[in-house]
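Accompanying notes for the structure given below.
The values are calculated or read from the model by the stated rules, or taken from the named source; none is laboratory data. Being a predicted model, the structure only gives us computed values, none of them experimental. Here the Cβ is made from the backbone with ideal geometry for all residues, glycine too, and neighbour counts use every protein chain on show.
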Amino acid sequence: MSNVKENIEILKQSIPEYVTIVAVSKTQPIDKLLDAINAGQKDFGENKVQEMMQKYEILRNYDINWHMIGHLQTNKVKYIVPFVKLIHSVDSLKLLNEINKQSQKINKITNCLLQFHIATEETKFGLDFEEAVNLLESKEFSDFKNVRICGVMGMATFTYDVNLVRKEFQNLKNIFDNLKNNFFQSMEYFSEISMGMSGDWKIAIEEGSTILRIGTAIFGERNHKQT
Ligand SMILES: *Cc1c(COP(=O)(O)O)cnc(C)c1O
């Protein structure tokens, strides 16, 4: 027996209703995703294009919102654009250009988040504030008609130092507020802050998260720990 259903129910009871839980199912077998679906879970997150496509194909008949949360290479964008609900990991103009191009081809508007590098660790991807401003002020960006920037995403440092994690989430919230005021004031769709994972979601909620990305706390440990 898996605890997936119970884990989801407990999580839901602990967070405000406006917060979306993305169940991060990377490396998890299909039967665990089915347990989550049976518990009413609709939003699933994957960090690899090929794995997300495989799961999408197998679970085609279910009403699922697929979230791309991992680093995305431009040459793979075309595979996910037709079905992805939200790309959390946009970290360059080049990538956004490709998402726009592929979306245009199929007459779709693809929802995206700008990923920010808020952690002290070098290894994590993402923009800094200045890079994001340059992107949003660029002529190229103003010509993109098939992408919609819905907010921001970030990963805190993997640490027991809760004060550091809190500071990093506050930083992301400040970035969100700043971009909202300067670029998206009248755009209601710019409303999402994707932050908070299994180890730090409580802090993330306190600091204004609207989307949690939760893997281990729903599905249990992964076979191969990845980030
Ligand atoms: C794996 C992953 C998560 C979920 O991590 P857990 O600690 O298992 O909840 C969240 N966000 C991203 C970007 C991930 O790669």
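In the range 211-222, is there at least one residue being within 16 Å of the ligand (Cβ to nearest atom) and free of Cβ contacts under 8 Å to residues at least 12 places away in the same chain?
yes
Out of Phe184, Phe169, report the one residue that is closer than 28 Å to Lys12 by Cβ, modelled with pLDDT of 95 or more and among the hydrophobic types (A, V, I, L, M, F, W, C).
Being closer than 28 Å to Lys12 by Cβ, modelled with pLDDT of 95 or more and among the hydrophobic types (A, V, I, L, M, F, W, C) holds for just one of Phe184, Phe169, which is Phe169.
Answer yes or no as to whether Val24 is under 26 Å from Val77 (Cβ atoms) and in contact with a helix residue (DSSP H, G or I) (Cβ under 6 Å, 6 or more places away or on another chain).
It is false that Val24 is under 26 Å from Val77 (Cβ atoms) and in contact with a helix residue (DSSP H, G or I) (Cβ under 6 Å, 6 or more places away or on another chain).
Could you run through the range 1-59 and say how many residues are among the hydroxyl-bearing types (Ser, Thr, Tyr) and over 19 Å from the mean Cα position of the chain (by Cα)?
Total satisfying the criteria: 2.
Return yes or no: is Gly208 in contact with a helix residue (DSSP H, G or I) (Cβ under 9 Å, 6 or more places away or on another chain) and within 16 Å of the ligand (Cβ to nearest atom)?
no
Do you know which residues across the range 203-227 are small (Gly, Ala, Ser) and either touching a strand residue (DSSP E or B) at 6+ places or on another chain (Cβ under 6 Å) or modelled with pLDDT under 90 (or both)?
Gly208, Ser209, Gly215
Does Asn163 satisfy the condition of being more than 16 Å from the ligand (Cβ to nearest atom), under 16 Å from Gly126 (Cα atoms), at pLDDT 95 or above and surrounded by fewer than 23 Cβ atoms within 10 Å (Cβ to Cβ)?
So Asn163 does not fit the description; no.
Find the residue count for the range 170-205, including only residues that are within 15 Å of the ligand (Cβ to nearest atom), buried (at least 18 other Cβ atoms within 10 Å of the Cβ) and not in a loop (DSSP other than H, G, I, E, B).
Qualifying residue count, the range 170-205: 8.
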